[in-house]
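Peer 1: Can you keep this structure in mind? I'll have questions shortly.
The values are calculated or read from the model by the stated rules, or taken from the named source; none is laboratory data. Just so it is clear, the structure is predicted and the values come from calculations on it, not from any experiment. Ideal geometry is used to build each Cβ from the backbone, glycine not excepted, and the neighbour counts take in all protein chains shown.
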Amino acid sequence: MRITKFTHACVRIEHDGRVLVIDPGTWSEPAALAGADAVLVTHEHTDHVDVLRLAGLGVPVYAPAEANIPRLEVTGVSSDEDFTAADFRVRAVGGRHAFIYGGQPDCANLGYVIDEAVYHPGDSLYVPEQPIETLLVPAQGSWMKMAEAIDFVKAIKPQRAFAIHDAQVNDRGLSSINGWLTEETDNGYRYLAPGQSV
């Protein structure tokens, strides 16, 4: 399985000629969607879903059944639902966006476990019950603090972890985030710059 990170929360997963893209938002590169067979959207915020790009793509788009994503046809999924997207086995987990300051309205947010190996949580820190090999850990957000990201990795205990949700961080801040996650977790943490693959 090849995982390529794009700007912010967008990740492309490829295996045996199949392409699954998760959270191609308005900040991610259009190249992330080239040849995509299906798209998973964790929630309705524009940094995770670019409606204009996806509306004309012509591939299945899966999103939380409760998500409010006007002008985009999606297949609604629910927490604990198992389904297939681009021939990858997907399990939807969680259910709500992480708490936002000041009681601002939250929204539906599903994390996705791909082929029982890769976990993309969207904007949540939901810990699934199953073992996770590769964790895509949010590195920064107005809804979280660094200690929560570290605790999230420690709770899941993946074999490896890569940062996502990092587009609002400058190089100095990113260096600090990477230092904390490397030093405080023992889970093969590594930073992938946009366009890098493993």
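Peer 1: List pairs: first residue in region 6-21 and outside any loop (DSSP other than H, G, I, E, B), second residue of a type in the set (Lys, Arg) and modelled with pLDDT of 95 or more anywhere in the structure, Cβ distance under 6 angstrom, at least six positions apart or on different chains.
Peer 2: VAL11/LYS5; GLU14/ARG2; VAL21/ARG12
Peer 1: Also: Report, by residue number, each residue of region 26-46 that is surrounded by fewer than 24 Cβ atoms within 10 Å (Cβ to Cβ) and either farther than 16 Å from ALA108 by Cβ or under 11 Å from the mean Cα position of the chain (by Cα) (or both). Spell out the reasoning first.
Peer 2: In the first step, residues of region 26-46 are kept if they are surrounded by fewer than 24 Cβ atoms within 10 Å (Cβ to Cβ); the result is 26-27, 29-31, 33-38, 44-46.
Matches in region 26-46: THR26, TRP27, GLU29, PRO30, ALA31, LEU33, ALA34, GLY35, ALA36, ASP37, ALA38.
Peer 1: While we're here: Among the candidates ALA85, ALA36, ALA65, which residue alone is over 20 Å from GLU14 (Cα atoms) and out of contact with any helix residue (DSSP H, G or I) (no Cβ under 9 Å at 6 or more places or on another chain)? So that I can check it myself, show each step before the final result.
Peer 2: Working: ALA85 fails: over 20 Å from GLU14 (Cα atoms); ALA36 fails: over 20 Å from GLU14 (Cα atoms).
Exactly one of ALA85, ALA36, ALA65 is over 20 Å from GLU14 (Cα atoms) and out of contact with any helix residue (DSSP H, G or I) (no Cβ under 9 Å at 6 or more places or on another chain), namely ALA65.
Peer 1: From GLY94, GLY103, which residue is touching a strand residue (DSSP E or B) at 6+ places or on another chain (Cβ under 9 Å) and of a type outside the set (Ser, Thr, Tyr)? Lay out the reasoning, then the answer.
Peer 2: Working: GLY103 fails: touching a strand residue (DSSP E or B) at 6+ places or on another chain (Cβ under 9 Å).
Of GLY94, GLY103, the one residue that is touching a strand residue (DSSP E or B) at 6+ places or on another chain (Cβ under 9 Å) and of a type outside the set (Ser, Thr, Tyr) is GLY94.
Peer 1: Another question, then. Which one is surrounded by the fewest Cβ atoms within 10 Å (Cβ to Cβ) among residues in region 113-152 that are touching a strand residue (DSSP E or B) at 6+ places or on another chain (Cβ under 8 Å) and charged (D, E, K, R)? Even if it seems obvious, please write down each step before you answer.
Peer 2: So the first thing to find is which residues in region 113-152 are touching a strand residue (DSSP E or B) at 6+ places or on another chain (Cβ under 8 Å), and the list is 113-126, 128, 130, 132-139, 144, 149, 152.
Imposing the further condition that a residue be charged (D, E, K, R) reduces the set to 115-116, 123, 133.
On the way: ASP115: 15, GLU116: 13, ASP123: 26, GLU133: 15.
In this case the residue turns out to be GLU116.
Peer 1: Can you confirm whether region 27-40 contains a residue that is over 21 Å from ILE3 (Cβ atoms) and touching a residue at least 24 places away in the same chain (Cβ under 8 Å)?
Peer 2: Taking region 27-40 first, the residues over 21 Å from ILE3 (Cβ atoms) are none.
Within region 27-40, none of the residues are over 21 Å from ILE3 (Cβ atoms) and touching a residue at least 24 places away in the same chain (Cβ under 8 Å).
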